[in-house]
Structure formats: C-alpha cells, structure tokens
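Below is one structure, written out as structure tokens, with a few remarks after it.
Values in this text are rule-based calculations from the coordinates and carry no lab data. Values in this document were obtained by computation on a predicted structure and should not be read as measured data. Cβ coordinates were reconstructed from backbone atoms using ideal geometry, including for glycine residues, and neighbour counts include every protein chain displayed.
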Amino acid sequence: AALDAGTLLASRYEVQAFLGEGTFGKVAKCADTVTNTKVAIKIIKDDPFFTEQALEEVEHKLFIYQN
Ligand SMILES: Nc1ncnc2c1ncn2[C@@H]1O[C@H](COP(=O)(O)OP(=O)(O)OP(=O)(O)O)[C@@H](O)[C@H]1O
C-alpha cells in the first residue's frame, strides 16, 4: 500500500512509519530526501470534497505563518 515503509511519495518523501488517521486522510512519518529532514506527510482522501477542504486548510495555515 501507499503508506508501507520504504515507499517514495512525490519522488521525494520516503515513508518511515504510519502515524495516524484523521477526518481528511492518513499521516505518515517520512524522510524528506531533498533536505534530509523528518516530516509528517498527510495523504488526503481521494475525494473532491476532502481535496478542496485540505487546500483551504493549507491556505489558512500559510496565511497564519506569513502574518
Ligand atoms: N506532525 C505530526 N506528528 C505526529 N503525528 C501526527 C502529526 N500530524 C498528524 N499526526 C497523527 O495523525 C493523526 C491524524 O492527523 P490529522 O491532522 O489528519 O487529524 P486530526 O487533526 O487528528 O483530526 P481531524 O482532522 O479529524 O480533526 C493525528 O491524530 C496524529 O495521531
């Protein structure tokens, strides 16, 4: 499956462990092979409603971080 350890996501994030599941989808601990840092990657459910909600969440967080 997509969240098995060792799977490379988006040609960059190597899955290390499954962290948990929320309303929007699943979260995996990954190694960013470009920056060599650890990141949490959220894989959004394949559904237009959740995709739209997730994009809005990202925009809200960017707004908060930049202000
Ligand atoms: N940065 C992180 N580090 C460690 N675990 C995480 C991280 N982000 C998410 N998780 C795990 O993944 C789960 C799902 O996270 P997610 O953000 O999708 O949902 P949530 O905020 O817990 O709940 P919901 O989206 O349903 O309100 C969390 O409950 C947690 O166990």
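Place a point 7 Å from Cα of VAL27 in the direction of its Cβ. Which residues in region 52-67 have their backbone N less than 19 Å from it? Counting backbone N atoms under 19 Å from the label point, the list is 52-65.
At full extension, THR51 and THR37 could sit 2.5 nm farther apart than now, given 0.36 nm per residue minus the alpha carbon distance. Semi-axes of the equivalent ellipsoid of region 8-66 are 21, 16, 10 Å, computed as sqrt(5λ) over the eigenvalues of the C-alpha gyration tensor in descending order. At an R0 of 35 angstrom, the distance between the Cβ atoms of ALA17 and GLN66 translates into a FRET efficiency of 0.70. Among VAL39, VAL15, VAL27, the largest mean-square fluctuation in a Gaussian network model of the chain (Cα springs under 10 Å) belongs to VAL39. Residues whose amide H lies under 5 Å from that of LEU19, counting only those 5 or more places away or on a different chain, are VAL27, ALA28, LYS29; hydrogens are built 1.01 Å from N in the peptide plane.
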